[in-house]
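Structure, as structure tokens:
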Amino acid sequence: MNKATGWVLYAIWVLAVLGGIFFGGLSKPTTLESIALVFFSAIVLLVIYGLVVAASTRMAAQLGFQPSLLGALISRERVSFSIFWALVLAVGLGVALGAMYLVFFLLPNSPLPSETSLGMIFIAAVGFEMIQRLFLLTFVGWLFFRKRLTSIRMWIAIIITALILTLLAIPLIWPLDFLSAVDLVILTLTSVVFGWLYWKRGLEMAIIAHIVFLLTKHQAILWIWQH
């Protein structure tokens, strides 16, 4: 992971959030109190994500992760995979994972698919991947296996990270029932797939897959449902 990659993605995410606040997609601050709250929240997020990028790129370099697409372009290195087929893979996996919710929404008593703006989808995908993959997955791999990171150990790190994220999601959907259990299974599977993409094809491909996944879940399925 090239250091510049993380900072470029960080800048893109910051610009996306600011654009969402002031040009639509997110709630615009209208009162003095709300403007102050948005300003304070933005400063906190800038600091948190800045620390995430700084720590994660250093750990990724120590683990010997391959240069991602953006990092290779910045440093003029060659990537070890076909960019075209990596994009096809990322989009295909995103569609496949999102399509799983088509079955989920057909289950009895399942909630209707919710519509989410394109801006929110982009912000969520970049933000989640920076926290969950760039930081958490990298940290787990660095914490336990930095002396010798084999393929098997990386898979263990990916699964551990997915289980951590699943456990953190349980309080948000408590009490558990059949539908929430299915949702947790899909969440765990997406975490594993996005983790593999981050490891093998770089953070950008994980972000692209995440964006396509959310588009399929919140836009395509909703369109199918309405028609």
Checklist line | Among the candidates LEU165, LEU172, residue that is in a helix (DSSP H, G or I), surrounded by fewer than 17 Cβ atoms within 10 Å (Cβ to Cβ), free of Cβ contacts under 8 Å to residues at least 40 places away in the same chain and aliphatic (A, V, I, L, M) | finding: LEU172
Note to self: What are the pairs with Cβ atoms under 8 angstrom where one residue, in the stretch 129-158, is among the small types (Gly, Ala, Ser) and the other, located anywhere, is in a helix (DSSP H, G or I) and modelled with pLDDT under 90? Sequence gap at least six, or different chains.
What the structure shows: GLY141/MET59; GLY141/LEU63; ALA157/PHE144; ALA157/PHE145
Note to self: Considering only the stretch 210-222, I want to know if a residue exists there that is out of contact with any Asp or Glu (no Cβ under 7 Å at 6 or more places or on another chain), over 24 Å from ALA86 (Cβ atoms) and in a helix (DSSP H, G or I).
What the structure shows: yes
Check: Looking at this structure, is ASP183 over 16 Å from the mean Cα position of the chain (by Cα), crowded, with 17+ Cβ neighbours inside 10 Å, among the acidic types (Asp, Glu) and at pLDDT below 90?
Finding: yes
Note to self: Among the residues that make up the stretch 150-166, is at least one of them of a type outside the set (Ser, Thr, Tyr), at pLDDT 85 or above, more than 16 Å from LEU187 (Cα to Cα) and within 17 Å of the chain's Cα centre (by Cα)?
What the structure shows: yes
Notebook entry, point to check: Residues LEU102, LEU9: which one is in a helix (DSSP H, G or I), at pLDDT 65 or above and closer than 30 Å to ARG146 by Cβ?
Noted result: LEU9
Next item on the list: Keeping to the stretch 124-149, report how many residues are assigned to a helix (DSSP H, G or I), surrounded by fewer than 21 Cβ atoms within 10 Å (Cβ to Cβ) and over 16 Å from the mean Cα position of the chain (by Cα).
Entry: 5
Notebook entry, point to check: Does ILE208 satisfy the criteria of being at pLDDT 90 or above, closer than 22 Å to GLN62 by Cα and in contact with a Gly (Cβ under 8 Å, 6 or more places away or on another chain)?
Noted result: no
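The values are calculated or read from the model by the stated rules, or taken from the named source; none is laboratory data. Owing to the predicted nature of the structure, the values given are computational and were not obtained by experimental measurement. Here Cβ is always computed from backbone atoms with ideal geometry, including for glycine, and neighbour counts include all displayed protein chains.
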